[in-house]
Every structure is written in C-alpha cells, then in structure tokens.
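Worksheet for the structure shown next.
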Amino acid sequence: AMAEAGWLAPAHVAAAPAPRPDGARPGPVLSADQDAAARELAAGIDAGFRVTLLDGVTGAGKTEVYFEAIAAALRAGRQALVLLPEIAMSAQWLARFEARFGAPPASWHSELGQGARLRTWRDVASGEARVVVGARSALFLPYRDLGVVVVDEEHEQAFKQEDGVVYHARDMAVVRARLGRIPAVLVSATPS
C-alpha cells in the first residue's frame with residue numbers, strides 16, 4: 001500500500017562481488033619431491049582425464065601440492081572442486097586456502113542455510129565461484145567449466161552416501177572427471 005501511494009520506491013542494490021581466489025599468487029617453497037608432484041598435477045590440468053593418487057604421511061604437505069593443481073586450473077580460467085569429509089572442513093583448512101589464494105573458496109555443506117545454498121549454486125553455475133570446497137553433494141553442482149576434482153582424505157567413510165540414492169563420492173568424483181575429461185586427484189595418507 002505504501003508503494004502504491006508513492007511513499008516507497010523500489011531500489012535494486014547489487015551485492016559487491018566477493019573476492020576471487022587468485023591462481024597467480026605464489027605458494028610456499030616446496031621440497032624437491034613436493035615440487036615434482038605439484039608440477040605433474042599442474043601439467044595435467046589441460047591434458048584430459050586421468051586419476052592421480054597423492055599419497056603421503058600426515059603432515060607431508062599434500063595439501064600444498066594439490067593447491068598447485070588448483071592454481072593451474074585458476075590460471076587456465078577454469079573452476080576447481082575440493083571434496084572434504086565434513087569433519088575435515090575446518091577453519092584451519094579454510095585459513096590455509098585463503099592465505100594461499102587471497103580469498104576463501106565457495107563452500108557447500110549441510111550447515112549452509114537456504115539463502116547461502118542458493119547463492120553458491122548460482123555462483124557455481126555462472127562461473128563466479130572459481131573454487132568450491134564441499135561435502136559429497138558438491139559433486140552435483142552445475143559447474144560451468146570444471147577443470148579439476150580433488151578428493152582429500154579419499155579413504156574416509158564419510159564419502160559414502162547410504163540414505164536415498166546410495167553412492168560413494170570418491171567413485172562419483174572419478175566418474176565426474178571422466179565425463180568432463182578432466183583430472184581427478186585422490187589424496188590420502190592411508191589410500192583405500
């Protein structure tokens with residue numbers, strides 16, 4: 001009624017764009033073995049489908065190695081997906097990511113509210129979300145140009161979906177990579 005009376009007028013306010021992860025930012029200095037693995041993963045970004053197991057003891061720097069594959073995907077103008085078991089989606093991992101890339105990734109997990117889920121879905125579909133970190137259902141987002149799928153802690157049982165449609169997110173990540181002709185990186189200290 002107030003709008004009809006002319007007391008109110010609609011005003012469209014665009015949200016300020018969120019900062020985007022930057023693949024050109026330098027990462028930490030890697031050991032010779034880490035650097036060789038990182039170069040191999042980065043070189044595979046535009047080489048089509050392949051599955052790589054990144055195996056190393058806890059604390060060996062596997063995360064920094066696969067961050068190089070993400071950086072390569074970003075430099076190629078493509079999106080990246082990192083699947084983590086929800087228990088591993090910690091503030092520490094997110095802080096590490098933001099320190100490396102200068103901005104946080106988009107998140108997708110069960111704790112997101114409906115509005116945040118809708119924003120993330122739209123940002124993924126439009127390509128605005130360059131990197132998504134999420135639980136197993138993040139596989140099914142509508143990526144515009146996915147360049148790499150990383151499954152961290154691939155051995156975790158949390159990747160098994162047993163309610164409704166039964167699937168294992170690790171296996172589905174490999175299928176998704178195959179369909180998209182992109183690399184999949186499986187990461188674990190205790191590979192399945």
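The values are calculated or read from the model by the stated rules, or taken from the named source; none is laboratory data. Note that the structure is a prediction, hence the values are computed from the model and not measured. Please note: Cβ atoms are built from the backbone with ideal geometry, for glycine as well, and neighbour counts cover all protein chains shown. For accessibility, only protein heavy atoms count, side chains too; no ligands or nucleic acids. Shrake-Rupley method; radii C 1.70, N 1.55, O 1.52, S 1.80 Å.
Restricting attention to the range 61-100, the residues that are among the aromatic types (Phe, Trp, Tyr) and free of Cβ contacts under 8 Å to residues at least 40 places away in the same chain total 0.
Whenever a residue of the range 1-27 is touching a residue at least 12 places away in the same chain (Cβ under 8 Å), its partners that are in a loop (DSSP other than H, G, I, E, B) and small (Gly, Ala, Ser), lying with C-beta atoms within less than 6 angstrom and at least six residues away or across chains, give the pairs 19/103; 20/103; 21/103; 22/102; 25/102.
Please specify each residue of the range 57-82 satisfying the condition of being surrounded by 16 or more Cβ atoms within 10 Å (Cβ to Cβ) and on the phi > 0 side of the Ramachandran plot. Hit for the range 57-82 is 61, nothing else.
Screening the range 83-108 for residues that are within 18 Å of residue 158 (Cα to Cα) and of a type in the set (A, V, I, L, M) and picking the one that is surrounded by the most Cβ atoms within 10 Å (Cβ to Cβ) gives 83. Going by the conditions given, is residue 111 exposed (fewer than 13 other Cβ atoms within 10 Å of the Cβ) and modelled with pLDDT under 95? Yes. Of everything in the range 95-148 that is among the basic types (Lys, Arg) and within 20 Å of residue 85 (Cβ to Cβ), the residue that is nearest to the chain's Cα centre (by Cα) is 136.
Quick check on residue 40: is it open to solvent by 90 Å² or more (accessible area, probe 1.4 Å) and in contact with a strand residue (DSSP E or B) (Cβ under 8 Å, 6 or more places away or on another chain)? Taking the combined requirement at face value, the residue satisfies it.
Going by what's in this entry, would residue 140 be described as among the hydrophobic types (A, V, I, L, M, F, W, C), out of contact with any helix residue (DSSP H, G or I) (no Cβ under 7 Å at 6 or more places or on another chain) and farther than 24 Å from residue 64 by Cβ?
Details: among the hydrophobic types (A, V, I, L, M, F, W, C): yes; out of contact with any helix residue (DSSP H, G or I) (no Cβ under 7 Å at 6 or more places or on another chain): yes; farther than 24 Å from residue 64 by Cβ: yes.
Spelling it out, residue 140 is indeed among the hydrophobic types (A, V, I, L, M, F, W, C), out of contact with any helix residue (DSSP H, G or I) (no Cβ under 7 Å at 6 or more places or on another chain) and farther than 24 Å from residue 64 by Cβ.
In the range 1-40, what residues are at pLDDT below 85 and among the β-branched types (Val, Ile, Thr)? If the condition is that a residue be at pLDDT below 85 and among the β-branched types (Val, Ile, Thr), then 13 is the only one that fits.
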